[in-house]
Amino acid sequence: MTTEIDNVRNAILHYDIKNINSLVQKAMDSGAAPGAILDEGMISAMDEIGAGFKENKIFMPQMLVAAKTMQSGLEVLKPHLKGDATVSKAGKAVVGSVMGDVHDIGKNIVSIMLEGIGLEVIDLGSDVPNEKFLETVREEGDVRYVAASSSMTPTRASLKAVVESIKESEVKDTVVVMVGGATMDQLYADEIGADIYTTDAASASQRAKEIKSGKTVAEVSAESREVAMAAMGRGSAASEETAEEFTGIRRHLLEPAIRQVGHSERKPLSIKDNLRESLKHEKGCPDRYVNQYGFFDMVFDPVLFRSYNLGPFFAGTPDFKDGWGVPQHFPAGSGGPHPSGTVVKDITHWQDYVKPPSMEFTAADWAPTKEQAAGIRGGDKFLGIAMLTGLFERTHFHLGMQEALVEYYEHPEEMQEMIDYFADWEIQSLDEVFANIEPEVLFHHDDWGTAINSFLDPESHRKFFYKPYKRIYDHFRELGGEIVIHHSDCWAANLVPIWCDLGVDIWQGPVADNNIPDLIDRYGDRLTFMGGIDDAFVDIPDWKADVVTRYVEQQCDAIGTTSFIPCLTRGLGMSVFPGVYDCITEAIDRVSARKF
């Protein structure tokens, strides 16, 4: 590798978007072949970035800025690649999120990574009609790959339809079908007939690169399957590494404390008291599992109703704007809406775009909520309120996910100002709520990652969000609140120490790949983990009661009874497919009777 090509490579590795174009031009002026600049400079750098991403050493903001740097340099290089005989023709890739799935960040990274290995990418976007994938393959010509993703369980049927349409067509022998997404695993990929399943964007590009280099699809598929099957049912690589270093108490293996102290004959605890005992961790004496969301009832107060615009939400309206003016899209059959357009066009002038909902309410606005709250207060459950959406989500609702993640890196001061503004609004909303009702539980919703990693690295998470969230949670308790639940149904094991410092009582939503037993061993004296029953495995169209029951029993036996509330990872006491949530509740009661 020449010095000039090495400079191009280092520019991508160090996110030097300002100088990448001139460095690419200097490399060409020095006589370096365009193909060598692409392969040894750009693709080599993105391979290293991808490897770091897979190992949770590099996170999405850095991945996106590196890709942005590469794409900028690629614009300088592209005109010269066509005349370079050393550049092999890589062909095209059709990429998209299937019908009903509005998630696009994972799909966008796959597009970037595939372009980084020299493929021409046709990005169909998200919520793509089933037939569009095959139509595009036929129209474009020279398509070597179709990469389709499903990140919402109701869309698995769409993914199956896309794969089957290609496998039953005339292009079945020339197009490699790759699948991924949060709802996917190797077993389902095999069931629907996909060629290759990968857990992340870097692996997808690596598999495509192997095929490009001469390996057969069968060889690559077999290798990919072996990796995926080995990963099923165990924690992430990062949590496994830390587990090897841990030598402290094995809290998840402790028997229920009630057995240890001989209280088996006492009067059954109330729902509230059972939770309070559970929140004492290994020092408490609960007499059964806290079962999913059964310990509190949530009111949808006027502040929440207005800020999220819950009328269209509950009605399942396909397209509407929330109370902040952010466009939302609610695909038919999905679990909820997702932002569908950006509001903040320029982060350096965010104040010109961010328009909070009014905090002016009448007595009539609050009357139904007060009546509902009074009924809950008179019962055996805690009174809860919800805050939707959280500070991180509010930033990417306003900016768009990809843009927001890049701005944390490129405009940190403006992002911090906007986050603090959102936190001020949440504190003001708590004042309004407590002036009318006195909630005991705050259920705060903020999704921090994907099924395999967090969006932000821990250092950035603490830098941008620790102080704003500390202000919110401290204020909630100053007003008389008792329990803070933080929802995030993803992999976020690396953020747990920060949430402990924030005073979060319960993390709701941890998927099994967080290695929950390890987290309980480490942090189970400070935090309770409410989840472990992954939506992707049970809340599916063809769910079966016996399969769900076995899965619940397996998870409860593996995770234990201390600092653990078995619960569907979804962020509300419901399931997308009727009956799943109730089946889980019944299964937990049966396991509880055996274990306690």
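In table form, for the structure just shown:
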{"read-out": "Within segment 342-371, tally of residues that are closer than 20 Å to residue 444 by Cα and part of a helix (DSSP H, G or I)", "value": "1"}
{"read-out": "Checklist (1) open to solvent by less than 70 Å² (accessible area, probe 1.4 Å); (2) of a type outside the set (Val, Ile, Thr); (3) not in a strand (DSSP E or B) applied to residue 320, failing item", "value": "(3)"}
{"read-out": "Residue in segment 46-64 that is modelled with pLDDT under 90, surrounded by fewer than 23 Cβ atoms within 10 Å (Cβ to Cβ), out of contact with any Pro (no Cβ under 8 Å at 6 or more places or on another chain) and among the polar types (S, T, N, Q) present", "value": "yes"}
{"read-out": "Count of residues meeting criterion [more than 21 Å from residue 387 (Cβ to Cβ), part of a helix (DSSP H, G or I) and open to solvent by less than 10 Å² (accessible area, probe 1.4 Å)] in segment 271-298", "value": "1"}
{"read-out": "Of all residues making up segment 538-583, the number that are in contact (Cβ under 8 Å) with a residue 40 or more places away in the chain, in contact with an Asp or Glu (Cβ under 9 Å, 6 or more places away or on another chain) and assigned to a helix (DSSP H, G or I)", "value": "4"}
{"read-out": "Odd one out for residue 558 among (1) over 24 Å from residue 470 (Cα atoms); (2) buried (at least 24 other Cβ atoms within 10 Å of the Cβ); (3) of a type in the set (A, V, I, L, M)", "value": "(2)"}
{"read-out": "Matching option when the condition is open to solvent by less than 10 Å² (accessible area, probe 1.4 Å) and under 24 Å from the mean Cα position of the chain (by Cα), among 446, 420, 489, 457", "value": "446"}
{"read-out": "Single match in 501, 535, 505 (criterion: under 18 Å from the mean Cα position of the chain (by Cα) and either of a type in the set (Asp, Glu) or surrounded by fewer than 23 Cβ atoms within 10 Å (Cβ to Cβ) (or both))", "value": "535"}
{"read-out": "Near pairs, Cβ below 6 angstrom, 6+ apart or cross-chain, from segment 506-530 (closer than 18 Å to residue 452 by Cβ) to any residue that is polar (S, T, N, Q) and open to solvent by 10 Å² or more (accessible area, probe 1.4 Å)", "value": "513/236"}
{"read-out": "Residues of segment 3-20 satisfying the condition of being open to solvent by 60 Å² or more (accessible area, probe 1.4 Å) and either closer than 11 Å to residue 73 by Cα or out of contact with any helix residue (DSSP H, G or I) (no Cβ under 6 Å at 6 or more places or on another chain) (or both)", "value": "3, 14, 18, 19"}
{"read-out": "Selected residue (criterion: farthest from residue 539 (Cα to Cα)) from residues of segment 213-226 that are assigned to a helix (DSSP H, G or I) and among the small types (Gly, Ala, Ser)", "value": "218"}
{"read-out": "Entirely in segment 1-115, the helices (runs of 4 or more DSSP H) that have 2 or more residues that are touching a residue at least 60 places away in the same chain (Cβ under 8 Å)", "value": "3-13, 44-54, 60-81"}
{"read-out": "Number of positions in segment 168-212 that are more than 21 Å from residue 138 (Cβ to Cβ), assigned to a loop (DSSP other than H, G, I, E, B), open to solvent by 10 Å² or more (accessible area, probe 1.4 Å) and not aliphatic (A, V, I, L, M)", "value": "5"}
{"read-out": "Set 552, 504, 511, 496: member being of a type in the set (Val, Ile, Thr) and more than 26 Å from residue 442 (Cα to Cα)", "value": "552"}
{"read-out": "Residue 144 vs. criteria open to solvent by 60 Å² or more (accessible area, probe 1.4 Å) and either in a loop (DSSP other than H, G, I, E, B) or over 22 Å from residue 127 (Cβ atoms) (or both)", "value": "yes"}
{"read-out": "Residue under evaluation residue 390, criteria (1) modelled with pLDDT under 95; (2) open to solvent by less than 30 Å² (accessible area, probe 1.4 Å); (3) closer than 30 Å to residue 290 by Cβ, criterion not met", "value": "(1)"}
{"read-out": "Test: residue in segment 339-350 that is at pLDDT below 95, over 25 Å from residue 411 (Cα atoms) and crowded, with 19+ Cβ neighbours inside 10 Å", "value": "no"}
{"read-out": "Answer residue from segment 423-443, given it is small (Gly, Ala, Ser) and farther than 24 Å from residue 490 by Cα and is nearest to the chain's Cα centre (by Cα) among those", "value": "429"}
{"read-out": "Exclusive hit being in contact with a strand residue (DSSP E or B) (Cβ under 9 Å, 6 or more places away or on another chain), at pLDDT below 95 and of a type in the set (Gly, Ala, Ser), set 488, 575", "value": "575"}
{"read-out": "Out of 314, 305, sole residue that is at pLDDT 90 or above, open to solvent by 70 Å² or more (accessible area, probe 1.4 Å) and either in a loop (DSSP other than H, G, I, E, B) or under 27 Å from residue 446 (Cβ atoms) (or both)", "value": "305"}
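The values are calculated or read from the model by the stated rules, or taken from the named source; none is laboratory data. This one's a predicted model, so the numbers in the text were calculated from it and none came from an experiment. All Cβ positions, glycine included, derive from the backbone under ideal geometry; neighbour counts span all protein chains shown. In case anyone asks, the SASA skips ligands and DNA or RNA and just uses the protein heavy atoms, side chains included. Shrake-Rupley method; radii C 1.70, N 1.55, O 1.52, S 1.80 Å.
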